[in-house]
Amino acid sequence: MISRADSLLVSTTGGRTTSVNKWGMDYYALIRTSPSGDSASLVWGGSHGVDDGKKHGVHVLLTASCDYAVLTPLFSNGAWKGKQKLLDLDSRGLIDVTLPPGAGKYARIVQHASDIFWIWNADQDAAGENRWTVTLARATAAS
């Protein structure tokens, strides 16, 4: 939850009491409420509404900059093929994410602040040991 322009932005996920990894999420959204929580409006998301037998779900991370929400699909079988997207909180437009070369197969955006994106990666070194790295990157326009 973040405070932005006299309102609160809140991410909601799921609707079942069991693990989302088993069944997927039947609801996910980013909503705007008054500071007292009295009224709410949908900013992005909602029920996936697709009965295709596949699992669905999107994790929403609100960034420290209050400029973006990082949208990460829980499963790789959906329309986004497991790739993250950014939601511009001013325009409500979705932005495709292309990570910098060498970021790694499992790299993910984990934060944005001061025009810098923080990218986290889990990998194994040559000896098979787990290692985690954080890379800082500035956004550039797609060419």
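The numbers here are math on the coordinates, done by the rules we state, and not lab data. Since we're looking at a predicted model, the values are computed, not measured. Don't worry about glycine lacking a Cβ; one is built from the backbone with ideal geometry, like all the others, and counts go over all protein chains shown.
Quick notes on this structure:
- Among the chymotrypsin sites (Phe, Trp or Tyr not before Pro) within the range 65-119, those in coil by DSSP and having at most 10 neighbouring Cβ atoms inside 10 Å are Y106.
- Taking a ≥ b ≥ c as the square roots of the eigenvalues of the Cα gyration tensor, an a/c ratio of 1.5 or more together with a/b larger than b/c marks the range 82-137 as prolate.
- Kirkwood Rh, angstrom, the range 55-117 [1 / mean 1/r, Cα pairs]: 12.3 Å
- Net charge, S11 excluded, C-beta distance under 15 Å - Lys, Arg +1, Asp, Glu -1: +4
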